[in-house]
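The values are calculated or read from the model by the stated rules, or taken from the named source; none is laboratory data. In this text the structure is predicted, and so the values were computed from the model without any measurement. In this analysis, Cβ positions are derived from the backbone assuming ideal geometry, glycine residues included, and neighbour counts consider all displayed protein chains.
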Amino acid sequence: MNYSKLLQNVLDISEEMLVAGAEVNRVEDSIERMLSAYDCPFDRVNAFITTTNIQVTFEDPKGDIITQIRRVKRSDTNFDRLDYLNDLSRYICSEKPDLETMRSKYLEVMSRPNNPNWVRYLSGIMAAGGFTVFFGGSIFDGIISACVSILIVFLLGYFKKFNINQMAIIFMTSIISGVASILLCSLGLANLDKVLIGEIMLMIPGIAMTNAVRDMLIGDIATGLLRLANALLLAGAIALGFATPLALMKGLSYLSLIKIQVPFIMVPIRKGIAARVIQIISAFIGCIGFALMFNMKKKQVIYSGIGGGCAWIIYLIMADILGGLFLPTLIASVFVGLYSEIMAKVNKAPATIFFTSVAIALIPGASLYYTVDSILEKDLEAAAYNGNNALTIALAISMGIVLVTVANKFKLELRKRK
């Protein structure tokens, strides 16, 4: 066995898992298990991973020390690929295939087709439109946001072809979509703030910020800090991108270029049971949109929508009973973690696939938007209030997921000891 070649193959699989959206500790565990399957001492396999770097050192059966480092420059969330790569790592651990078979299986996974373009556009329409209504917008707001989402999805895919820095892609896309939103809202059909919130949800690194806090809470300080820095830079690019047309075109969004009478049925319902039902339905639609965007399997897409709707129901119930933001979000996120673990076992897939798409319903998109808006309006008190709400929600989500993760690991340890 050529153990240097073995490590190269393992690194190829691990890199693509990381790129596709796997959490760092899952990739580290997969590396250790795959190498140990080929008679390498488990306690002599050391993997250190951040979001941009993989370092592995291990001792082969002959006692030789082998080290390889891999620089990771890409990020392309693809949960179908992650699911199959995770299955491949399990297959390698159980079957111990030769290097040629391992490579063949890897290339087979990498050649799986992505969703067609029309599904990508549909996912953007459902995500942006759904969350625009979710955050209090009218049906007209959702329609306008859905229309601009088509432009956003196109721009993200177009700029990506040129291997431009991700922050630059987000910044340019934010500017162009911001201009389009202001022009459409100036017709008097929609509320600009609600439209922009829905669109920002397509790009906002809310999950990245939550994962950053989660990584730090479970001890991956370096990874957590890197994720947080990257998420904050992306959030800054989005804020600056949308702020630029808002500043340059100030006042245009409040002018009705064409006097259009908005039908009563298109006015958002903000109170009562009806408003909550609309929120739950829009959360279901929005989470399905993100699941499609992340290239999830068909039945997993429906599970994601159901989970998002149920998570919001639990949040609403807890908010009525307990009040505030932290505890209701914490309890809802514990549900998200438990639901993700159950769906992972039912579908034999990584839990992170479900967590990422279901937790979207709890992400503080509106708070982040109003934080930026308040800064532009020079209302620092409102900016501090909204920013604090966003951080409170992110911390509650992270702690909820950590509680479930720790409980699950504790249960596995008890089983091993028995």
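Observations, loosely collected:
- Check on ILE397, without any contact (Cβ under 8 Å) to a residue 24 or more places away in the chain, in the same structural domain as SER174 (by TED's automatic domain parsing), among the β-branched types (Val, Ile, Thr) and part of a helix (DSSP H, G or I): no
- Inside the stretch 329-353, residues that are assigned to a helix (DSSP H, G or I), touching an Asp or Glu at 6+ places or on another chain (Cβ under 9 Å) and in contact (Cβ under 8 Å) with a residue 40 or more places away in the chain make up a count of 3.
- Residues of the stretch 172-210 that are assigned to a helix (DSSP H, G or I) and modelled with pLDDT under 80: GLY206, ILE207, ALA208, MET209, THR210.
- Residue match in the stretch 356-370 (condition: modelled with pLDDT of 85 or more, buried (at least 24 other Cβ atoms within 10 Å of the Cβ) and in contact with a Leu (Cβ under 6 Å, 6 or more places away or on another chain)): no
- Test: residue in the stretch 48-62 that is modelled with pLDDT under 90 and either closer than 18 Å to LEU85 by Cα or in a helix (DSSP H, G or I) (or both): yes
- Hits in the stretch 18-42 - residues which are part of a loop (DSSP other than H, G, I, E, B), out of contact with any Leu (no Cβ under 6 Å at 6 or more places or on another chain) and closer than 16 Å to LEU82 by Cα: GLU23
- Filter pass, ALA127 being surrounded by 20 or more Cβ atoms within 10 Å (Cβ to Cβ), assigned by TED's automatic domain parsing to the domain that holds SER282 and either out of contact with any strand residue (DSSP E or B) (no Cβ under 7 Å at 6 or more places or on another chain) or modelled with pLDDT under 90 (or both): yes
- Some residue of the stretch 86-101 being at pLDDT 90 or above and either closer than 20 Å to ILE360 by Cα or touching an Asp or Glu at 6+ places or on another chain (Cβ under 8 Å) (or both): no
- Of the helices (runs of 4 or more DSSP H) that lie entirely inside the stretch 67-171, those containing 2 or more residues that are over 22 Å from the mean Cα position of the chain (by Cα) span 79-95, 99-110, 139-160.
- Residue match in the stretch 407-414 (condition: modelled with pLDDT of 80 or more and in a helix (DSSP H, G or I)): yes
- Unmet requirement for ILE353, which otherwise passes all of (1) over 28 Å from ASN191 (Cβ atoms); (2) β-branched (Val, Ile, Thr); (3) modelled with pLDDT under 90; (4) exposed (fewer than 14 other Cβ atoms within 10 Å of the Cβ): (4)
- Condition met for ASP76 (outside the structural domain of THR405 (by TED's automatic domain parsing), within 29 Å of GLN166 (Cα to Cα), out of contact with any Phe, Trp or Tyr (no Cβ under 9 Å at 6 or more places or on another chain) and modelled with pLDDT under 90): yes
- Looking only at the stretch 6-65, and only at residues there that are aromatic (Phe, Trp, Tyr) and in contact (Cβ under 8 Å) with a residue 24 or more places away in the chain, the one that is surrounded by the most Cβ atoms within 10 Å (Cβ to Cβ): PHE58
- When GLY137, GLY142, GLY178 are screened for being crowded, with 17+ Cβ neighbours inside 10 Å, of a type outside the set (Ser, Thr, Tyr) and closer than 16 Å to GLY241 by Cα, only GLY178 passes.
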